[in-house]
Amino acid sequence: MKSLLVFPIVLALGAAACNAELTGNGASENASRSSETLPATEPLTLKAADGVTVHGLWYKAPQPKALILLFHQAESSKDEYATIAPRLAQAGYSALAIDQRSGGGMYGTNETAAGLGRKGDYLEARPDLQAALDWAQQQKLPIILWGSSYSSSLIFPLAASDPQGIVALLSFSPGEYFDDKQMIRTAAGKVKVPVFIASTDSKEETSEADPIMAALPTNAENLRYVPEHAVHGSSMLIAKRNPEGAEGNWRAVLAFLDRVTAPR
């Protein structure tokens with residue numbers, strides 16, 4: 001069984017998380033969806049406020065219900081979403097996946113870090129996320145922020161400081177990963193839209209994610225999700241990384257997205 005859990009009731013259901021590296025972008029996973037039309041994609045470059053060129057890939061749904069901004073985990077890149085973003089587009093959600101300057105080659109080349117000539121630290125990636133949000137706010141669609149590991153934490157201060165157009169957040173394995181151990185909880189307390197927080201059932205991950213969930217303002221649509229089978233970050237939706245649990249996790253994610261984008 002997979003569990004959709006409304007905080008504060010969190011049920012730990014089985015397999016421990018893993019955070020092993022994976023090389024290659026796993027694009028062959030889409031072969032099993034050969035009967036489905038793959039979305040149109042377009043490479044995109046943005047300029048961060050400090051002049052850094054941020055590389056991204058825009059997945060276009062024909063009649064999008066919303067635009068999802070996809071931010072990757074440490075040592076990763078936009079290719080973390082090579083199988084996730086097409087499925088979102090097929091479900092009616094356009095998506096932009098970017099290479100943040102704090103990343104690496106876990107799934108594929110991080111063009112932003114490569115162009116910069118070095119890998120930035122976690123907080124240095126904040127202008128990259130802001131550049132993506134600035135672009136999204138010009139697209140005239142509801143915006144959903146989606147983060148993985150360290151970026152799943154950074155979406156909280158981003159949404160708190162610049163909420164225009166944002167309708168929901170999805171945060172996979174968040175934590176207080178920064179010197180200021182109250183920064184993310186403080187920001188979460190200012191987020192007024194529905195939030196989905198997912199993590200593995202490991203003590204390490206739940207002890208990081210639960211206080212962030214507890215800091216959110218009361219909202220009936222907030223959801224704390226602890227699946228039976230998971231790995232760290234957004235990788236819990238990738239079948240090659242999480243063969244036993246990916247499909248169940250997808251059902252939870254798509255149900256949440258459909259609720260928060262339903263006509264009001």
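Only the coordinates and a few stated rules stand behind these numbers; no lab work does. Small disclaimer: the values here were computed from a predicted structure and weren't measured. Positions of Cβ are backbone-derived with ideal geometry, glycine not excepted, and every protein chain shown enters the neighbour counts.
Below are the figures for this structure:
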| read-out | value |
| --- | --- |
| Cut-off 14 Å (backbone N to label point 7 Å along Cα→Cβ of R264), residues of segment 175-217 | 192-195 |
| Net charge over other residues, Cβ less than 12 angstrom from the Cβ of A132 (K, R count +1; D, E count -1) | -1 |
| Proxy reagent accessibility, fewest Cβ within 10 Å first, across D210, D201 | D210, D201 |
| Whole-Å distance, taken between Cα centres, linking segment 130-155 and segment 209-264 | 17 |
| DSSP-assigned coil residues among chymotrypsin sites (Phe, Trp or Tyr not before Pro) in segment 167-214, each with at most 16 further Cβ atoms within 10 Å | F178 |
| Ranking of F71, F156 by count of other Cβ atoms within 10 Å, fewest first | F156, F71 |
| Residue order, fewest to most surrounding Cβ atoms within 10 angstrom, among R264, R126 | R264, R126 |
| Among A91, A61, A82: highest mean-square fluctuation, GNM of the chain, C-alpha pairs under 10 Å | A91 |
| Computed helical MRE - 222 nm, the chain, DSSP H runs ≥ 4 contributing -39500 (n - 2.57), nearest 500 | -8000 deg cm²/dmol |
| In segment 174-230, trypsin sites (Lys or Arg not before Pro) in a DSSP loop with at most 11 other beta-carbon atoms within 10 Å | K181 |
| Dipole magnitude (debye, nearest 20) for the chain, charges at Cβ of Lys, Arg, Asp, Glu | 720 |
